[in-house]
Amino acid sequence: YVLGNLDRERHPAKALDLMFQDSPLQAIRETIREVQPEIIGLSIRNFDELDMTSRVCYLPELKEVVGAIRESSQAPLVLGGVGFTVMPRQLMAYLEADYGIVGEGERAFPELLNRLENGSDLKDLPGLIFKESGGFRINPPVRIEDLDGIHPPDRSFMDLQQYVQNKGFVGVISKKGCPQGCIWCPSPYYPG
């Protein structure tokens, strides 16, 4: 979704889907070596299985992913995604990221890129979390109400056939929010 809303002429971008990588950390290193990015975004969908009977936690693997990024590049690291939005302060501290986007990133991430490029102030960027005074400052996110005002997702980097062959799926968001408020679901934190 974020990739589909970037001005690709101004901010050329490449995305890496780690879902079917035999060696995700090596794929990260190779992609960074090839692209030489000026900034790196990492979307965190889940940090556990969203199943209260399971004790599987993905945080150690996320730490390894960030480690591979950091050893391959000095570029600023921006975290985002539904999983990140659930506990942004904790994930910023644990993963030692430079910035994060809380909530929807389709407008906030491109604006972050524009401001960093122009050397503009970041302190009022909606949804931005960053280090300040020994802690983290989180600017309140702004919900995107006009869904027609954003572009559809760019999935050109994904091998959609692999998802089909492995009985997976690629989601389509058809509504925002959920009235249920289930204790295990991140929806109340993200789309509302």
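The values are calculated or read from the model by the stated rules, or taken from the named source; none is laboratory data. The model shown is predicted, which means the values in this text are computed figures rather than measured ones. Virtual Cβ from ideal backbone geometry, glycine too; neighbours counted across all protein chains shown. These area figures cover heavy atoms from the full protein model, side chains too; ligands, DNA and RNA do not enter into them. Shrake-Rupley method; radii C 1.70, N 1.55, O 1.52, S 1.80 Å.
Numbers at a glance
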{"item": "At most 11 other Cβ within 10 Å, DSSP loop - chymotrypsin sites (Phe, Trp or Tyr not before Pro), region 133-172", "result": "PHE157, PHE169"}
{"item": "Solvent-accessible area per residue for region 7-146 (1.4 angstrom probe, square angstrom)", "result": "57"}
{"item": "Coil-residue GluC sites (Glu not before Pro) of region 94-161, DSSP, other Cβ within 10 Å capped at 16", "result": "GLU96, GLU145"}
{"item": "Ranked packing of 75-86, 57-68, most packed first, by mean Cβ within 10 Å", "result": "75-86, 57-68"}
{"item": "Zero-based 10 Å bins, Cα pair distances in the chain, whole percents", "result": "8, 33, 41, 16, 1"}
{"item": "Amide H within-cut-off set for LEU122, under 5 Å, with H built and near neighbours excluded", "result": "none"}
{"item": "Electrostatic dipole magnitude of the chain [Cβ: Lys, Arg +1; Asp, Glu -1; Cα centre; debye, to 20]", "result": "320"}
{"item": "Rounded to 5, percent antiparallel among DSSP beta bridges of region 1-148", "result": "55"}
{"item": "Gap separating the Cα centres of region 136-169 and region 47-67, nearest whole Å", "result": "21"}
{"item": "D (Stokes-Einstein, µm²/s), Kirkwood Cα radius, region 2-91, 1.002 mPa s at 20 °C", "result": "149"}
{"item": "Tail beyond 15 Å, pair distance distribution of region 57-126 (Cα, percent)", "result": "57"}
